[in-house]
Amino acid sequence: MSIVDLGHFGHEAPRPTVSFELMPPRRPDAAPKFWETARRLVATSPDFVSVTYGAAGTDRETSRRVISQLLHGTPVLPIAHLTCVGASREDVEDVITDFLDAGVRSFLALRGDPPRDQPDWRPAEDGVRSSTELVALLREVEAARCAASPSVALRGAARPLTIAVATFPDGNLAAGTSRTQEVRRLWQKQQAGADFAITQLFYEASSYIDFVAEARAAGVTIPILAGLLPMTDPARLARVEELTGVPAPRRVVEALEAEQDPAARHALGIRHSVELARQVLAAGAPGLHIYTFNKHQAALDLLEGVDLGGGAAGDAGGVSSRTPDLASGPWVSGTPLPSSEPALGSASV
């Protein structure tokens, strides 16, 4: 079953979708903390978890191992980030084939960031130049595999390939694009075969609402998930601004910096994040995709704030009666996440 067939994206959806972004641990000593975060997030029964893929594929093997562990050791659906910047078409085809052979059926197709130390960098002539081309290549590789093998075609029919793409509701500052240009790009990605989109982060509900309205008017019909970063850590907000060019609201940053008590600062940031999430959900967002930076507490508190978490202690039965409880789904017995690190025998995780 593909993500878009889960039944949560339609107008009659019983609840919005919930998903998280995880970044594979870069060092062996970070693996236990990573898997503890993964365990806590998976326990909320998210619709999917996306696993990042480093610039120029630097985390390729680690990402594949994490996805394999999630795919075969938990009930959660993993989505593999896939980038194409700096890689030849042949190299990208090899990566796609590697993931498909491992059982991955869902991808987030991204161009990726060019090398920071090469200001005059240009894509290779034989490379995949954009996420739109990457979406098309994913479809081509899948079609070729199905044409070559009836059994692969049957499995593909039972578990269709699902492709997500990123979109920038306020324009992509790094690429110098406007909102209208990003709408056009999203339409092109849809035409190439994208199934749904996830927004890059934003901090004002109007950014999402206005973008979706313009996209729908332009003929974009695929679901557009709201990508949110919990606003609890002013240092992280500053770092994210450096990376993306998207500034957090000054009023929020100043309020966080003025609060000296860590618990109170966290609660303040969650209140602002919950308000933003409620506004986009009320406007019709089909789901929330939370950028976790491998920190589970803020993500879980945000879900609790919009009644999509496990329910606060003291609620009737420990579950909010206003919306379905994502944590109530049965755990798959015998397939728990590893207690500290995956049984991969790997120093690379």
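The values are calculated or read from the model by the stated rules, or taken from the named source; none is laboratory data. Note that the structure is predicted; figures quoted are calculated from it, not measured. Heads up, the Cβs are rebuilt from the backbone with ideal geometry, glycines too, and the neighbour counts pull from every protein chain shown. Surface areas here come from the heavy atoms of the whole protein model, side chains and all, with no ligands, DNA or RNA. Shrake-Rupley method; radii C 1.70, N 1.55, O 1.52, S 1.80 Å.
Here are a few things to note about the model shown:
- The residue of the stretch 261-290 that is most open to solvent (accessible area, probe 1.4 Å), among those that are small (Gly, Ala, Ser) and over 15 Å from Leu201 (Cα atoms), is Ala282.
- Residues that are assigned to a helix (DSSP H, G or I), over 21 Å from Arg129 (Cβ atoms) and touching a helix residue (DSSP H, G or I) at 6+ places or on another chain (Cβ under 7 Å), drawn from the stretch 185-208: Ala205, Tyr208
Conditions tested, residue by residue: (1) touching a Phe, Trp or Tyr at 6+ places or on another chain (Cβ under 9 Å); (2) of a type in the set (Val, Ile, Thr); (3) without any contact (Cβ under 8 Å) to a residue 40 or more places away in the chain; (4) open to solvent by 20 Å² or more (accessible area, probe 1.4 Å).
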| position | (1), (2), (3), (4) |
| --- | --- |
| Asp210 | no, no, no, yes |
| Thr221 | no, yes, yes, yes |
| Ile224 | yes, yes, no, no |
| Leu228 | yes, no, no, no |
| Arg250 | no, no, yes, yes |
| Ala255 | no, no, yes, yes |
| Glu259 | no, no, yes, yes |
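- Which listed residue, of Arg139, Arg179, is of a type in the set (Lys, Arg), open to solvent by 20 Å² or more (accessible area, probe 1.4 Å), in contact with a Gly (Cβ under 7 Å, 6 or more places away or on another chain) and over 19 Å from Val92 (Cβ atoms): Arg179
- Within the stretch 58-103, the set of residues being within 15 Å of the chain's Cα centre (by Cα) and either without any contact (Cβ under 8 Å) to a residue 24 or more places away in the chain or not in a helix (DSSP H, G or I) (or both) comprises Val76, Leu77, Pro78, Ile79, Ala80, His81, Leu82, Thr83.
- Residue within the stretch 322-331 that is in contact with a strand residue (DSSP E or B) (Cβ under 9 Å, 6 or more places away or on another chain), open to solvent by less than 50 Å² (accessible area, probe 1.4 Å) and modelled with pLDDT of 95 or more present: no
- Residue check for Ala194: more than 18 Å from the chain's Cα centre (by Cα) and hydrophobic (A, V, I, L, M, F, W, C): no
- So Gln190, is it modelled with pLDDT of 95 or more, open to solvent by 20 Å² or more (accessible area, probe 1.4 Å) and over 19 Å from Ala226 (Cβ atoms): no
- Residue list for the stretch 296-309, restricted to those being part of a helix (DSSP H, G or I), open to solvent by less than 10 Å² (accessible area, probe 1.4 Å) and out of contact with any Gly (no Cβ under 6 Å at 6 or more places or on another chain): Ala299, Leu302
- Any chance Phe293 is within 16 Å of the chain's Cα centre (by Cα) and surrounded by fewer than 19 Cβ atoms within 10 Å (Cβ to Cβ): yes
- Positions within the stretch 70-84 being open to solvent by less than 10 Å² (accessible area, probe 1.4 Å) and either farther than 20 Å from Phe34 by Cα or polar (S, T, N, Q) (or both), in sequence order: Leu82, Cys84
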